[in-house]
Every structure is written in structure tokens, then in C-alpha cells.
Amino acid sequence: MGRMRGIAVGLCVAGAAVSVLGLGWFSDKLYTRVRPGELAYKPTDEMPPRVDMASVQRDWPASFSEPGEGSRVIAYHRDMRGRAPLPVAGGAVVAAPPPDLGTLLASADAGVGKQKLQLCASCHDFTQGGPNRIGPNLWGIVGRPVASHAGFAYSPAMKGHRGSWDYGVLFEFLGSPGRVVPGTKMSFAGLRKPEDRAAVIKYLATLGSGAPPLPQPKAIAAR
Ligand code: HEC
């Protein structure tokens with residue numbers, strides 16, 4: 001009798017275990033489960049390629065609920081993954097901050113930039129006194145006031161974007177024209193790599209004499 005009871009209890013326990021596992025299996029079929037270590041969302045190409053870490057830290061986590069903040073943080077992490085760690089005194093390792101524009105421009109190769117302009121040549125002419133095409137002539141564009149080339153019908157969005165094409169503005173614009181000037185009719189996705197943008201801008205600065213001097217590379221702060 002004692003043995004029978006033992007078997008009965010055993011069967012009950014086994015039955016319960018099977019139902020629990022079965023339920024788990026069944027609910028897995030019903031719901032998609034996000035496994036830890038796997039992002040439920042995928043970073044997209046619209047994300048800002050470079051993120052100001054200082055502002056991410058300052059804003060975290062209060063502004064994390066705002067639209068776009070999540071993308072900035074993800075983009076930051078993606079950006080940092082690609083960077084070599086920088087050894088510091090004391091043996092700790094920190095990620096190198098993204099290079100500033102002055103540093104990027106100093107190491108940029110204008111020759112490479114000239115080649116990259118093939119990406120723009122279907123829409124832009126780069127010669128002095130050259131024609132407007134789908135986009136305006138870009139001779140002397142660095143330092144030129146935005147939407148100021150004679151004879152080109154700019155979009156209202158571009159006309160409303162004030163200021164001049166200085167280095168920083170061009171750098172942001174060429175990274176994602178539609179994000180920096182929403183509604184622009186320049187249908188070009190942008191140059192993703194900061195190095196490519198710097199090279200293009202360095203070459204553009206050689207066209208004409210209106211370009212301001214290149215920004216100075218920032219000294220890396222001593223830790
Ligand atoms: C598909 C065509 C197209 C391509 C490719 C293109 N652009 Fe443009 N671009 C335009 C158009 C159109 C405008 C005018 C935008 C507006 O008015 O909204 C423009 C405007 C600009 C302006 C602002 C000019 C001004 O006078 O204010 C700059 C700078 C510029 N483009 C640079 C580039 C560079 C550099 C490339 C290549 C990396 C490039 N574009 C590729 C079509 C193009």
C-alpha cells in the first residue's frame with residue numbers, strides 16, 4: 001500500500017511538471033518571447049551616426065521617454081562598439097570619444113573627397129560659373145549662405161534654413177540631409193561615415209576662396 005501511495009504521489013508530481021512545461025511551451029507558441037541579449041528593436045539607418053555622450057549622460061534617464069531619445073542611446077552604444085578602448089592611468093579602460101570635426105578634417109584626404117563627389121555629380125555641378133542641375137551649383141559652397149545661389153529654385157524648407165554652410169552645418173547636413181533640413185528636395189540619403197563627410201567637405205573647401213579656415217582639432221583632454 002505504502003508503495004502504491006509512493007507511485008501515486010510520484011505520478012502526481014510528474015503530471016504537474018508536465019503540465020507546467022506544457023503550458024510554458026504552449027504560451028511560447030502564443031506570444032513571441034524576446035530573449036535577453038537580443039534587441040526587440042533593430043537600429044535603423046536614420047539614427048544619428050554620432051551622439052554627444054555628455055548630453056546622453058546628462059539627459060539619462062529623464063528624457064529617455066521622449067521620442068528619439070532611445071535611438072540616440074542605441075546609436076551611441078553602436079558607435080562606441082566600433083571604437084578601440086583607450087587605456088588610462090590606473091589600468092581602467094574607457095572608450096575613446098568620437099573625434100571632433102577639427103580632428104576629422106585634419107586627417108581627411110581631399111583627394112578621396114573629390115572621388116566621393118561622384119555621388120553628387122548627377123545633381124550638382126562643382127565648377128566656377130557652372131550650371132544649376134537638379135541641385136544648385138556648389139562652387140564655393142563652404143561658407144556660402146544657405147539657399148543663396150542665383151537662379152536655383154530652392155525648396156521652402158531650404159530657404160527657411162538660415163545661416164551659412166560652415167563646416168559643422170555641412171557635416172551634419174551631409175550625414176542626413178532630410179533630418180537636418182526636413183522637407184528638403186535634395187533626395188540623397190547621406191554619407192554615413194564621418195570620415196567620408198570630412199573628406200568631401202575638405203575638398204569642397206578648396207573650390208573658391210570663400211571658405212573659412214578649417215576648424216582646429218581639439219586637444220584630447222588629459223585624464
Ligand atoms: C538626387 C540629387 C542630389 C544628390 C545626389 C545630391 N544633392 Fe545636394 N541638393 C540637391 C537639391 C535638389 C538641392 C536643393 C535642396 C532644396 O532646395 O531643398 C541640394 C542642395 C544641396 C546643398 C545646399 C546648397 C545651397 O546652395 O544652399 C548642399 C550643400 C548640397 N546639396 C550638397 C550635396 C553633396 C555634397 C552631395 C553629394 C555627397 C549632394 N548634395 C548630393 C540634390 C542632390
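The values are calculated or read from the model by the stated rules, or taken from the named source; none is laboratory data. Fair warning: this is a prediction, and the values are worked out from it, not measured in the lab. FYI the Cβ positions are ideal-geometry reconstructions off the backbone, even for glycines, and counts take in every protein chain you see. Surface areas here come from the heavy atoms of the whole protein model, side chains and all, with no ligands, DNA or RNA. Shrake-Rupley method; radii C 1.70, N 1.55, O 1.52, S 1.80 Å.
Could you tell me the convex hull volume per residue, in Å³, taken over the Cα atoms of region 101-204? Intermediate results must be reported in sequence, preceding the final value.
Values: hull volume 9.3 nm³, N = 104.
Normalising the Cα hull of region 101-204 by residue number yields 89 Å³.
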Practice task
Determine ³J(HN,Hα), in whole Hz, for all residues of region 207-219 in sequence, where each value follows from phi through the Karplus function 6.51 cos²θ - 1.76 cosθ + 1.60 and θ = phi - 60°; x replaces Gly and Pro.
Solution key: 8, x, 10, x, 6, x, x, 4, x, 6, x, 7, 5
Fill in the blank from the handout: For residue 164, other-chain or 5+-apart residues with amide H closer than 5 Å (H placed, Pro excluded) are 146
Fill in the blank from the handout: From highest to lowest solvent-accessible area (probe 1.4 Å; ligands, DNA and RNA excluded), 155, 19 read 19, 155
Practice task
Can you figure out the FRET efficiency of residue 192 with residue 16, using R₀ = 45 Å and their beta-carbon distance, to the nearest 0.05?
Solution key: 0.25
Practice task
Any lysines with Cα under 28 Å of the residue 202 Cα? List them, leaving off those in the same chain fewer than 8 positions away.
Solution key: 114, 116, 159, 185, 193, 218
Practice task
Please give the solvent-accessible surface of residue 144 in Å², to the nearest 10, using a probe radius of 1.4 Å with every protein chain present.
Solution key: 30
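Within the accessible area of region 101-204, what % is carbon and sulfur when the probe is 1.4 Å and the other protein chains stay in place? Display every interim value, and only then the final one.
Details: 2910 of 5110 Å².
Within region 101-204, the accessible surface is 57 percent carbon and sulfur.
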